[in-house]
Amino acid sequence: MLTDSDIKKLLSVLTTKKDFEEVKKEIFSLRETVQNLTTSIDGLAKAVDNFRIEYSAITTQIERHERWIKQIAEKAGVRLNM
């Protein structure tokens, strides 16, 4: 049989309803933070992908211009120094 002192010892160790509510609030706050971070990371990933696509387009354009410049130089008889 449990005595009053045993019950007091148990109450001091066990989680109360108030403690549980505080933990729930903290978990909710953490969940919101994680969702905000996820949204931010998604935005950054999209920006990086857009920059990658733009970089590829610019690289292709520069290569095309270099070919044209070489062709023009050959036809004009101009020697290009690298």
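Every number here is computed from the coordinates shown, using simple stated rules; none is lab data. Please read all numbers here as calculations on a predicted model, not as lab measurements. In this analysis, Cβ positions are derived from the backbone assuming ideal geometry, glycine residues included, and neighbour counts consider all displayed protein chains.
Structure values in brief
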read-out: Local electrostatic count, K24, Cβ distance below 12 Å [Lys/Arg +1, Asp/Glu -1]; value: 0
read-out: Rounded to 10°, Cα long-axis angle of helix 4-13 versus longest principal axis of the chain; value: 10
read-out: Angle between the chain longest axis and helix 17-76 axis [Cα atoms, degrees, rounded to 10]; value: 10
read-out: The chain: Cα Rg divided by the 2.2 N^0.38 Å rule of thumb; value: 2.88
read-out: 14 Å Cα-Cα reach of K18 towards aspartates and glutamates, excluding residues that sit fewer than 8 places from it in its own chain; value: E26
